[in-house]
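Visitor: I'd like to ask some things about the structure below.
The values are calculated or read from the model by the stated rules, or taken from the named source; none is laboratory data. All of these numbers come straight from a predicted model, not from anything done at the bench. As a convention, Cβ positions derive from the backbone with ideal geometry for all residues, glycine included, and neighbour counts pool all protein chains shown.
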Amino acid sequence: MRPNAMCAGRIGKVLVGGLVTVAAVVGSGCGVRPSDPETAFWDQYIRVMDAARLRGDFYAAEAARQNAYLAALGSRRWDAMAAVGDASARLGEEFPRVRENLRPEVHRIYCAALLRARQQESLDGVLRVSEAFADLGARAEAREGLLVAAEMLAMRGSARDAERLKALAERLEDQERLVGASDDAPAPAAASATWTR
């Protein structure tokens, strides 16, 4: 047997084993009762993903993450999409080899969460997702969220929401100053990291 074929066979076995494990856990319902409309299915899948992630089982974690995404998509809730975005970011942190491939997916999930929060007129949701974009280093999307949040805050909002908005605006200004400084001179290692959580 050729070395490439042997390697492919091993990878296939690992992938199938991980998927079988996730299928067994998901198939058992993870303790979720389908008849309970308030049950956060996505949260159960995220727990399965986190457990697999901590075991170092990327394939099982990725399968559970995809199930969490589908459940969040079906929920039509902004907080479900934001939670899946956070989980996806954690997966990228744990497995650096897939981080750059996963980054556009995280971005897309947060975009969906922001759109839902805006449609559902959730100021908390818009701020929460804008903060996640700032964590991701997606300043343009975080600024867009800030503008939406400012409009919502003008109509109705609390002092706490105003403080969150101000803190996020200041944080984005600091990030932009750092990026501007890094254009002129090499940034220190801590400041050049783009993926922090």
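Visitor: Do you know which of the residues in region 179-191 that are within 24 Å of the chain's Cα centre (by Cα) and surrounded by 11 or more Cβ atoms within 10 Å (Cβ to Cβ) is modelled with the highest pLDDT?
Guide: Looking at residues that are within 24 Å of the chain's Cα centre (by Cα) and surrounded by 11 or more Cβ atoms within 10 Å (Cβ to Cβ), I get V179.
Visitor: For residues that are modelled with pLDDT under 95, surrounded by fewer than 22 Cβ atoms within 10 Å (Cβ to Cβ) and of a type in the set (G, A, S), tally how many sit in region 110-132.
Guide: Adding up the residues that qualify gives 1.
Visitor: R108 fails exactly one of the following numbered conditions: (1) more than 13 Å from the chain's Cα centre (by Cα); (2) within 19 Å of I46 (Cα to Cα). What is the number of that condition?
Guide: Of (1) more than 13 Å from the chain's Cα centre (by Cα); (2) within 19 Å of I46 (Cα to Cα), only one is false for R108: (1).
Visitor: Is there a residue being within 29 Å of F58 (Cβ to Cβ), modelled with pLDDT of 90 or more, in contact with a Gly (Cβ under 8 Å, 6 or more places away or on another chain) and surrounded by 11 or more Cβ atoms within 10 Å (Cβ to Cβ) anywhere in region 133-154?
Guide: Checked against the condition, which is being within 29 Å of F58 (Cβ to Cβ), modelled with pLDDT of 90 or more, in contact with a Gly (Cβ under 8 Å, 6 or more places away or on another chain) and surrounded by 11 or more Cβ atoms within 10 Å (Cβ to Cβ), region 133-154 yields at least one hit.
Visitor: Of all residues in region 57-67 being touching a helix residue (DSSP H, G or I) at 6+ places or on another chain (Cβ under 6 Å) and under 21 Å from P96 (Cα atoms), which is surrounded by the fewest Cβ atoms within 10 Å (Cβ to Cβ)?
Guide: Y59
Visitor: I would also like to ask the following. Write out, first by first residue and then by second, each pair whose Cβ atoms fall under 7 Å of each other, whose residues are 6+ apart or on separate chains, and whose first residue, in region 98-113, is touching a residue at least 40 places away in the same chain (Cβ under 8 Å) while the second is not in a helix (DSSP H, G or I).
Guide: That search, which allows pairs on different chains as well, returns R99/W195.
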